[in-house]
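Below: one structure, written as structure tokens.
The values are calculated or read from the model by the stated rules, or taken from the named source; none is laboratory data. Please read all numbers here as calculations on a predicted model, not as lab measurements. For neighbour counting, all protein chains shown are included, and Cβ atoms are generated from backbone atoms with ideal geometry for every residue, glycine included.
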Amino acid sequence: MNLTGKTLMKKVLMFTALSIMLVSLAVPAQAVIPALVGPLAALISVLPQILAFVGIGMLAILKPGTYRALLTIAWQHKIITTIILLSVTISSGFFIYQAVSPNVNIIATTSKDLQLSSISQSWATFRGGIHRTGHQANHLGPTDANLLWAFIDREAAVMDFSSSPAVVGNRLYIGAGRGSLFRTDGLVYCLDVKTGNVIWKSKSPQQIFSSPAIVGGRVYIGEGLHYDVDSSLRCLDANTGQEIWNFQTASHVESSPCIDRGRVYFGAGDDGVYCLDALEGKEIWHYTNLHVDISPIVVDGKLYFGTGYGQPKIYAVSAENGSDIWVKSVDLPVWGSPTISGELIYFGLGNGNFVDSHQVPTGGVVALNLKTGEEVWSFQTEDAVLTAISFLKDYVYFGCRDGYVYALDAKTGDIFWKSSIDTPIVSSPAVTKDSIYFGGTNGVIYCLEAETGDMNWWYNTDDISSEIKIYSSPAVANGKLYIGSSNRYLFCLGDTTPTN
């Protein structure tokens, strides 16, 4: 090989090594809530453009005699040939996709002649209501796997809707994570529930996993993921998206806020739990020296929450001033947000995280007495229960990373049924009088029969896009199901009635 050939080979190898190094540096840190989007995902999304740009640049700057030398080297070194061919194939595929892909925000899958039901019901906060049961009285969900619309914001190369939607009137609110090659940030969206059209969107400095709470014409939502610091709880005008106030914390706010009697309560990662004045965003009290990511709950003047770091514990404190009422130590991390029914409070427990199971996976559910913190019953599973526990009538329902959905007797913990889904479940179920709705990490949206656990229907999001995972929890209102996903899409499923 002559000197020119060696020089070219060296440059190609240096470029390849630099690309591998950049990709390896872009791998996000793991936590209970994964990095939603990051530089690696953004790099993959724009790789065809980069390869095409580099190819055009080489054609422009290389001397004519250089091409023959380069082709000779490529022929002698089959690996380089493979890389070049792969680059050309990917780039060509991208440009073909760009040519045929519609540059629109809404993928409408229903006929123009379909008439949607009137707008009257709300799912105003994470898990539907203040007790976070995953159930709202008189709400019915879809009876079939019919996609009404799928929203995608094509202005963002990489987008994640792992936040869970809230629905009030004719509007849907949800947070998102957005990524590029050089930075990540977040967005809060307000969409029309009938069409999926954007009414407004508000930028946030950090990615959003927290789910919005809509109270008194305001949107309360946290920002930040596990590795973030100096995050905020934000309060926005529900009509316009304009920021009303912003309260900064020392850590991240993955927790979904709880609003009760003019106060907003939320977990702030390493910064503990805060109670703020909901009107002005001023601090009322601050519970420190613990890590809280789950969404707290208030009932009868008491605030309940749990922690999964250090010695896992469940807390009941005064909603008025944050003083301890009782503290209960448990054997496993407390990652499932609490649910209250009657005199009992339920928590999901387990190790691992939303993406990966622990090397020695285990999990379960615990039911405690609201007043004393004493354990009433516990139920063990083979992997983590990272979902909130849903309640309806005499039963609690939850999904598990072991690939099952469970129904237990709410008072005793005795198993009523369990249904195999064959994929980890980290989406908290929504329950109507006869159905259970949730998403799977395989990108499928499921509906089970509440009485038996039998499959009513399922919808595979592969019909829209591949590689989708669902960490978002569904909202059910007006006969529709709304749920986010990990790969840029927000889905609306529902029944439709043809007009005459």
Checking the condition small (Gly, Ala, Ser) and under 29 Å from Val355 (Cα atoms), which residue from Gly267, Gly301, Gly322 passes?
Gly267
Any residue that is under 19 Å from the mean Cα position of the chain (by Cα) and surrounded by fewer than 19 Cβ atoms within 10 Å (Cβ to Cβ) - is there at least one of those in region 474-496?
no
Given (1) under 19 Å from Ile483 (Cβ atoms); (2) without any contact (Cβ under 8 Å) to a residue 12 or more places away in the chain, Gln359 misses just (1)
Members of region 396-408 found to be under 16 Å from Ile345 (Cβ atoms) and free of Cβ contacts under 8 Å to residues at least 60 places away in the same chain, listed by number
Val396, Leu408
Considering only region 350-373, how many residues are among the basic types (Lys, Arg) and crowded, with 23+ Cβ neighbours inside 10 Å?
0
Which numbered condition in (1) out of contact with any strand residue (DSSP E or B) (no Cβ under 8 Å at 6 or more places or on another chain); (2) modelled with pLDDT of 95 or more is the only one that Tyr227 fails?
(2)
Condition test on Ala367, is it on the phi < 0 side of the Ramachandran plot, over 18 Å from the mean Cα position of the chain (by Cα) and not aromatic (Phe, Trp, Tyr)?
yes
Return the residues of region 303-340 that are more than 26 Å from the chain's Cα centre (by Cα), assigned to a strand (DSSP E or B), surrounded by fewer than 19 Cβ atoms within 10 Å (Cβ to Cβ) and of a type outside the set (Phe, Trp, Tyr); say none if nothing qualifies.
Ser318, Asp324, Ile325, Val327, Ser329
Across region 122-179, the tally of residues that are of a type in the set (Val, Ile, Thr), crowded, with 24+ Cβ neighbours inside 10 Å and not in a loop (DSSP other than H, G, I, E, B) stands at 2
Is one or more of the residues making up region 343-350 assigned to a strand (DSSP E or B), in contact with a Pro (Cβ under 8 Å, 6 or more places away or on another chain) and of a type in the set (Ser, Thr, Tyr)?
yes
Tell me, please, whether a residue that is modelled with pLDDT under 95, more than 21 Å from the chain's Cα centre (by Cα), surrounded by 13 or more Cβ atoms within 10 Å (Cβ to Cβ) and of a type in the set (A, V, I, L, M) can be found in region 89-102.
yes
With criteria (1) at pLDDT below 95; (2) in contact with a Pro (Cβ under 9 Å, 6 or more places away or on another chain), Asp463 comes up short on (2)
Can you confirm whether Ser472 is closer than 17 Å to Val396 by Cβ and not β-branched (Val, Ile, Thr)?
no
Strands (runs of 3 or more DSSP E) enclosed by region 431-500 - at least 1 residues per element that are closer than 23 Å to Arg171 by Cα and not hydroxyl-bearing (Ser, Thr, Tyr):
435-439, 444-449, 475-477, 480-484, 489-494
Qualifying residue in region 267-282 (condition: surrounded by 24 or more Cβ atoms within 10 Å (Cβ to Cβ), modelled with pLDDT of 95 or more and in a loop (DSSP other than H, G, I, E, B))
yes
Just need a number here: residues in region 202-259 that are among the acidic types (Asp, Glu), part of a strand (DSSP E or B) and without any contact (Cβ under 8 Å) to a residue 40 or more places away in the chain.
1
What's the number of the condition Ile221 fails, among (1) out of contact with any Pro (no Cβ under 6 Å at 6 or more places or on another chain); (2) in the same structural domain as Gly336 (by TED's automatic domain parsing); (3) among the β-branched types (Val, Ile, Thr)?
(1)
Failed item in (1) modelled with pLDDT of 95 or more; (2) assigned to a loop (DSSP other than H, G, I, E, B); (3) surrounded by fewer than 23 Cβ atoms within 10 Å (Cβ to Cβ); (4) among the aliphatic types (A, V, I, L, M), with Val376 passing the rest
(2)
Lone qualifier among Ile436, Ile415, Ile464 - being surrounded by 20 or more Cβ atoms within 10 Å (Cβ to Cβ) and either in contact (Cβ under 8 Å) with a residue 12 or more places away in the chain or under 21 Å from the mean Cα position of the chain (by Cα) (or both)
Ile436
Does region 400-439 hold any residues that are out of contact with any Gly (no Cβ under 8 Å at 6 or more places or on another chain), under 27 Å from Phe161 (Cβ atoms) and small (Gly, Ala, Ser), and which are they?
Gly403, Gly439
